[in-house]
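*Asks:* Have a look at this one.
The values are calculated or read from the model by the stated rules, or taken from the named source; none is laboratory data. Nothing here was measured: the structure is a model prediction, and the numbers come from that model. As a convention, Cβ positions derive from the backbone with ideal geometry for all residues, glycine included, and neighbour counts pool all protein chains shown. Quick note on the areas: whole protein, heavy atoms, side chains included, nothing else; ligands and nucleic acids left out. Shrake-Rupley method; radii C 1.70, N 1.55, O 1.52, S 1.80 Å.
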Amino acid sequence: MGKFTDRVIATKEAIELIGKLQKEYGEILFHQSGGCCEGSVPLCYKIDDFNIGSNDVELGELSGAKFYMAKSQYEYYKHTQIILEASNGNGSEFSLEYGSGSKFTFTLRLFNDEEISNLKPLDK
(Lines give C-alpha, C1' and ligand atoms only; values in the text may rest on other atoms or scores of the structure.)
Protein backbone atom coordinates (compact mmCIF):
# COMPACT_ATOMS: atom_id res chain seq x y z
CA MET A 1 0.00 0.00 0.00
CA GLY A 2 1.19 3.53 -0.73
CA LYS A 3 1.40 6.53 1.55
CA PHE A 4 -1.45 7.00 3.98
CA THR A 5 -3.57 10.16 4.01
CA ASP A 6 -2.51 12.44 6.88
CA ARG A 7 -5.25 13.21 9.39
CA VAL A 8 -3.36 16.26 10.62
CA ILE A 9 -0.93 18.57 8.81
CA ALA A 10 0.65 21.94 9.67
CA THR A 11 1.40 25.17 7.88
CA LYS A 12 4.97 26.50 7.62
CA GLU A 13 4.22 29.03 10.38
CA ALA A 14 2.93 26.29 12.71
CA ILE A 15 6.02 24.15 12.03
CA GLU A 16 8.24 27.14 12.89
CA LEU A 17 6.36 27.75 16.16
CA ILE A 18 6.58 24.03 17.02
CA GLY A 19 10.36 24.24 16.51
CA LYS A 20 10.66 27.27 18.80
CA LEU A 21 8.65 25.53 21.52
CA GLN A 22 10.68 22.33 21.20
CA LYS A 23 13.90 24.32 21.64
CA GLU A 24 12.50 25.95 24.77
CA TYR A 25 10.61 23.02 26.33
CA GLY A 26 11.94 19.81 24.78
CA GLU A 27 9.43 17.18 23.68
CA ILE A 28 5.91 18.51 23.21
CA LEU A 29 2.52 17.16 22.17
CA PHE A 30 -0.84 18.53 21.06
CA HIS A 31 -4.26 17.65 22.36
CA GLN A 32 -7.30 18.99 20.58
CA SER A 33 -9.44 20.69 23.20
CA GLY A 34 -13.02 19.50 23.39
CA GLY A 35 -14.49 22.96 23.76
CA CYS A 36 -14.56 23.46 27.53
CA CYS A 37 -12.80 26.55 28.88
CA GLU A 38 -11.00 27.72 25.75
CA GLY A 39 -13.36 26.51 23.05
CA SER A 40 -12.16 23.96 20.54
CA VAL A 41 -8.46 24.78 20.11
CA PRO A 42 -5.27 22.75 19.76
CA LEU A 43 -3.43 22.87 23.08
CA CYS A 44 0.34 22.34 23.25
CA TYR A 45 1.95 20.74 26.30
CA LYS A 46 5.35 19.52 27.45
CA ILE A 47 5.22 15.77 26.99
CA ASP A 48 5.41 15.09 30.74
CA ASP A 49 2.71 17.65 31.60
CA PHE A 50 -0.22 15.90 29.92
CA ASN A 51 -1.38 12.32 30.40
CA ILE A 52 -2.77 10.68 27.30
CA GLY A 53 -5.71 8.54 28.36
CA SER A 54 -7.30 5.39 27.03
CA ASN A 55 -10.04 7.58 25.53
CA ASP A 56 -7.55 9.52 23.37
CA VAL A 57 -6.40 8.64 19.86
CA GLU A 58 -3.24 9.73 18.08
CA LEU A 59 -4.10 11.43 14.78
CA GLY A 60 -0.55 12.06 13.58
CA GLU A 61 2.76 13.71 14.20
CA LEU A 62 3.93 17.20 13.27
CA SER A 63 7.69 17.79 13.38
CA GLY A 64 8.06 15.23 16.14
CA ALA A 65 5.06 16.44 18.15
CA LYS A 66 2.21 13.92 18.35
CA PHE A 67 -1.34 15.19 17.95
CA TYR A 68 -4.16 13.62 20.02
CA MET A 69 -7.91 13.94 20.34
CA ALA A 70 -10.59 12.24 22.44
CA LYS A 71 -12.14 9.23 20.64
CA SER A 72 -15.64 10.62 21.12
CA GLN A 73 -14.65 13.96 19.59
CA TYR A 74 -12.88 12.20 16.71
CA GLU A 75 -16.26 10.83 15.59
CA TYR A 76 -17.15 14.41 14.56
CA TYR A 77 -13.79 15.00 12.85
CA LYS A 78 -13.14 11.65 11.17
CA HIS A 79 -14.04 12.88 7.67
CA THR A 80 -11.83 15.96 7.89
CA GLN A 81 -8.15 16.79 7.81
CA ILE A 82 -7.00 19.11 10.59
CA ILE A 83 -4.66 21.85 9.40
CA LEU A 84 -2.69 23.27 12.31
CA GLU A 85 -1.93 26.96 11.85
CA ALA A 86 -0.05 29.64 13.79
CA SER A 87 -0.85 33.32 13.76
CA ASN A 88 -0.33 36.45 15.84
CA GLY A 89 -2.17 36.52 19.14
CA ASN A 90 -2.12 35.25 22.70
CA GLY A 91 -3.69 31.82 22.31
CA SER A 92 -4.92 29.73 25.19
CA GLU A 93 -3.44 30.32 28.62
CA PHE A 94 -3.35 26.52 28.99
CA SER A 95 -1.06 26.08 25.97
CA LEU A 96 2.75 26.47 25.84
CA GLU A 97 2.69 29.22 23.21
CA TYR A 98 0.69 31.52 25.50
CA GLY A 99 2.52 34.81 25.94
CA SER A 100 4.78 34.25 22.92
CA GLY A 101 2.80 36.58 20.65
CA SER A 102 1.68 33.59 18.55
CA LYS A 103 -1.19 31.16 18.87
CA PHE A 104 -2.17 27.82 17.39
CA THR A 105 -5.48 27.51 15.58
CA PHE A 106 -6.79 25.07 13.02
CA THR A 107 -8.95 24.80 9.97
CA LEU A 108 -10.62 21.72 8.55
CA ARG A 109 -10.75 20.26 5.07
CA LEU A 110 -13.11 17.46 4.06
CA PHE A 111 -11.42 14.33 2.76
CA ASN A 112 -12.40 13.05 -0.67
CA ASP A 113 -13.40 9.39 -1.11
CA GLU A 114 -9.91 8.31 -2.17
CA GLU A 115 -8.32 9.99 0.86
CA ILE A 116 -10.83 8.36 3.21
CA SER A 117 -10.03 4.93 1.80
CA ASN A 118 -6.32 5.69 2.33
CA LEU A 119 -6.54 6.59 6.04
CA LYS A 120 -4.35 4.52 8.35
CA PRO A 121 -6.52 2.70 10.92
CA LEU A 122 -6.38 4.26 14.36
CA ASP A 123 -4.93 2.20 17.19
CA LYS A 124 -7.81 1.27 19.48
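*Asks:* Residues in the range 52-61: is at least one part of a helix (DSSP H, G or I), over 8 Å from the mean Cα position of the chain (by Cα) and touching a residue at least 24 places away in the same chain (Cβ under 8 Å)?
*Replies:* As a first pass, look at the range 52-61 and keep what is part of a helix (DSSP H, G or I): none.
No: the range 52-61 contains no residue that is part of a helix (DSSP H, G or I), over 8 Å from the mean Cα position of the chain (by Cα) and touching a residue at least 24 places away in the same chain (Cβ under 8 Å).
*Asks:* So which residues in the range 53-101 are among the hydroxyl-bearing types (Ser, Thr, Tyr), under 16 Å from residue 22 (Cβ atoms) and open to solvent by less than 30 Å² (accessible area, probe 1.4 Å), if there are any at all?
*Replies:* Passing the criteria: only 95.
*Asks:* Looking at the structure I just gave you, is residue 87 more than 14 Å from residue 6 (Cβ to Cβ) and touching a residue at least 60 places away in the same chain (Cβ under 8 Å)?
*Replies:* Working: more than 14 Å from residue 6 (Cβ to Cβ): yes; touching a residue at least 60 places away in the same chain (Cβ under 8 Å): yes.
Yes: the conditions hold for residue 87.
*Asks:* Can I ask one more? Looking only at residues that are assigned to a loop (DSSP other than H, G, I, E, B) and within 12 Å of the chain's Cα centre (by Cα) in the range 35-45, which one is modelled with the highest pLDDT? Steps first, please.
*Replies:* Within the range 35-45, the subset assigned to a loop (DSSP other than H, G, I, E, B) is 35-41.
Among the residues that remain, those that are also within 12 Å of the chain's Cα centre (by Cα) are: 40-41.
On the way: 40: 76, 41: 85.
Step by step, filter the range 35-45, then rank; the result is 41.
*Asks:* Looking at the range 1-29, which of its residues are touching a helix residue (DSSP H, G or I) at 6+ places or on another chain (Cβ under 8 Å) and either crowded, with 16+ Cβ neighbours inside 10 Å or assigned to a strand (DSSP E or B) (or both)? Lay out the reasoning, then the answer.
*Replies:* The first filter runs over the range 1-29 and keeps only residues touching a helix residue (DSSP H, G or I) at 6+ places or on another chain (Cβ under 8 Å), leaving 5, 10, 26-29.
The answer is 5, 10, 28, 29.
*Asks:* Considering 45, 77, which residue is in contact with a Leu (Cβ under 7 Å, 6 or more places away or on another chain), of a type in the set (Ser, Thr, Tyr) and touching a residue at least 24 places away in the same chain (Cβ under 8 Å)?
*Replies:* Working: 77 fails: in contact with a Leu (Cβ under 7 Å, 6 or more places away or on another chain).
The match here is 45.
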